[in-house]
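Step one of this worksheet: look at the structure below.
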Amino acid sequence: MKTMQAAPATSQSGKPTEPHKSWKKVNEERKALKRQRKQDKLLKELHQANEAESRADEAAKEAQTNKAKPNPSTVSIAVPGSILENAQSAELRAYVAGQIARAACIFRVNEVIVFDDVGIATARETKRSYEQDAEGNASGTVRSSSLQLARILQYLECPQYLRKFFFPLHKDLKYSGLLNPLDTPHHLRQQSKFRYREGVISDKKAKEGQSYANVGLLNDVLVDKAVEPGVRVTVKMEPASETSRKQRGSLVSPDEPRRETGVYWGYQVRIAHSLSEIFTKSPYDSGYDVTLGTSDRGTNVHEVPNRSYGYKHLLIVFGGLQGLESALSNDEKLTVDDPELLFDHYVNVLPRQGSRTIRTEEAVLIAMAALQEKLQPEVGDIESDLTDLLPQSDDTGITVGRDALVSKKQKKRKLVEETPESTSATDAAPSEEPPVPAKVAVASPPKLPKKVVRQTPNPFFDPADNPTNSAPADDDFEVVSSTTVSGKRETSNSNRTDNDLSRFD
């Protein structure tokens, strides 16, 4: 006897329902699903641990290679802060500082030193102002002009997306918006894909041993070290990971982008209270191995052989209004009388000058251009083509279509020019014969295109001059084709009438 299978149970809506499960089977399915989730979580953690180990190994290898790889040679310039006091207005003071910053970036200067060439004693005699400290003592503080020059130099060097974090509103930066931007390679756009970026540590909470940094992108980058918020850092971006949505990076030295890629990465700013502090407080362990002073009393720069100044850390010092002699006399710690004794080389960068004086911002450009062929760095920069990764001079970050560049007036002109052509084309359509060019003849003038209706009356038309032919205001001006104008120009002057306005086109 055949057994009949039970029909599947149906719900009230007519759809078949699943057979009833026992609690034992439901619990088994839940446990299996929980085991699967736990296994997936463990595999993900293991994969992340392997990635972290591989990153640590790569970082250790890079650290070893970086230790063996020397940093490129550096160029430092020292300018006096008193050059701002010679400017006639606050706008010109800011512009002089902007010229110094532009010159430093153009010639890839790594350090800009702002020194005081007046001195405390001379400042008291001339009643020059100094920025006082919290206790009101001005002996160890910075001259106001030097401080303003250093602040503007730092402001221009900082990338635009970081300035609001480091530079609050200040009177020294009142006219900084008038200055020309430096547009250096480390001033990256948001869409730039360079692997190094400047950033600031944000106050966003992260896991222990990590922190978030704002590097000018839409989202903050998770870096591998815990740093206090508000600190400027250089971040090496890591490639995007498939397992994590967060953009990760590692903190590196500011010298690494230039050492690894050869890209100019801005300059550092240092303040010296006197001429002697330029040499004594060098940020390099071995100090400056080659020092060079500029003066009109120095050696002619054209007599210096090419590639004769070999250096690892070069220092070029520029004088102020009174030259380096005045800065030497105002320094109490230096006992020499001749500034030439302070430097390895004392050079006149522009012999036979036409002006009695050369301004310091001009001297920086002239000296750096004249010394380019005389310098020979021990460790040069790496030459690499990074045009696809770094923004170019014509890259503004905004893509503009060609339609946006055409003005409305040009569009209207195109429409007006196209209307007579379209009307003449429609008129010539019924006659299948090809159009014949108009012939120049006095008796039978060529056929003119249709007249454009004038919206306003002609202000130059006087009905008293031609009472017989008092045409309406709409017929005063006509659109004449080029063939008609050229044909009428070939006719004699006697055939022209006073009402022929085509000769004015």
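The values are calculated or read from the model by the stated rules, or taken from the named source; none is laboratory data. Quick caveat: nothing in here was measured; it's all calculated off a predicted structure. Positions of Cβ are generated from backbone atoms using ideal geometry, with glycine treated the same way; all protein chains shown enter the neighbour counts. Note: areas computed on protein heavy atoms with side chains; ligands, DNA, RNA excluded. Shrake-Rupley method; radii C 1.70, N 1.55, O 1.52, S 1.80 Å.
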* Evaluate the distance, in nm, between pseudo-label points positioned 7 Å from the Cα of D255 and of L46 along their respective Cα→Cβ axes. => 4.3
* In whole Å, largest first, what are the principal axis extents of the Cα atoms in the stretch 188-274? => 54, 28, 20
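Could you pull out the pairs from K69/K193; K69/K312; K281/K333; K281/K374 whose alpha carbons sit more than 18 Å apart here?
On the way: K69/K193 25 Å; K69/K312 14 Å; K281/K333 14 Å; K281/K374 26 Å.
From the list (K69/K193; K69/K312; K281/K333; K281/K374), the Cα-Cα distance tops 18 Å for K69/K193; K281/K374.
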* Enter the per residue convex hull volume of the stretch 231-346, computed from alpha-carbon coordinates, in Å³ rounded to the nearest integer. => 165
* How big is the convex hull of the Cα atoms of the stretch 150-224, per residue, in Å³? -> 114
* Values of log10 I(q)/I(0), in the order q = 0.13, 0.15, 0.27 Å⁻¹, for the stretch 269-334 under a Debye, Cα-only, solvent-free model -> -0.44, -0.59, -1.29
* Tell me the label-point distance for the pair Q376, R30, using the 7 Å Cα-to-Cβ offset, in nm and rounded to one decimal. => 8.3
* **At R0 = 41 Å, FRET efficiency that the Cβ-Cβ distance of K174 and K246 yields, to 0.05** => 0.55
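With every protein chain kept in the model, how would you rank V231, V364, V142 by accessible area, 1.4 Å probe, largest at the top? Present the calculation step by step, with values, prior to reporting the outcome.
On the way: V231 55, V364 0, V142 30 Å².
Descending accessible area places them as V231, V142, V364.
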* To do: Take each of the peptides 277-284, 180-187, average the number of other beta-carbon atoms within 10 Å over its residues, and list them starting from the highest.
  => 180-187, 277-284
* To do: List the relative contact order of the stretch 242-356 as a percent without decimals, with contacts defined as Cα pairs under 8 Å and 6+ residues apart.
  => 30
* Structure fact -> Once the mean of 1/r over all distinct C-alpha pairs in the stretch 343-391 is inverted, the Kirkwood radius in Å reads 14.1
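For a test of the definition: using alpha carbon positions, the gyration tensor, and the 1.5 limit on a/c, classify the stretch 299-383 as rounded, prolate or oblate. It would help to have the intermediate numbers written out before the result.
On the way: a/c = 2.00, a/b = 1.36, b/c = 1.47.
Judged from the Cα gyration tensor, the stretch 299-383 comes out oblate (a/c at least 1.5, b/c at or above a/b).
Distance check, please: which entries in K41/K204; K44/K225; K44/K246 exceed 19 angstrom between their Cα atoms?
Values: K41/K204 26 Å; K44/K225 23 Å; K44/K246 15 Å.
From the list (K41/K204; K44/K225; K44/K246), the Cα-Cα distance tops 19 Å for K41/K204; K44/K225.
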* **Solvent-accessible surface ranking, highest first, for L386, L350 at 1.4 angstrom** => L350, L386
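Give me the 1.4 Å probe accessible area per residue for the stretch 176-260, excluding ligands and nucleic acids, in Å².
Details: 4770 Å² over 85 residues.
Computed with neighbouring chains in place, this is 56 Å² per residue.
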* What accessible area, in Å² to the nearest ten, does a 1.4 Å probe give for D224? -> 80
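Using a probe radius of 1.4 Å on heavy atoms only, what accessible surface per residue do you get for the stretch 292-381? Whole Å² is fine.
Details: 5050 Å² over 90 residues.
Value for the stretch 292-381: 56 Å² per residue.
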* Structure fact -> Length gained, R356-L92, 0.36 nm per residue minus C-alpha separation, equals 92.9 nm
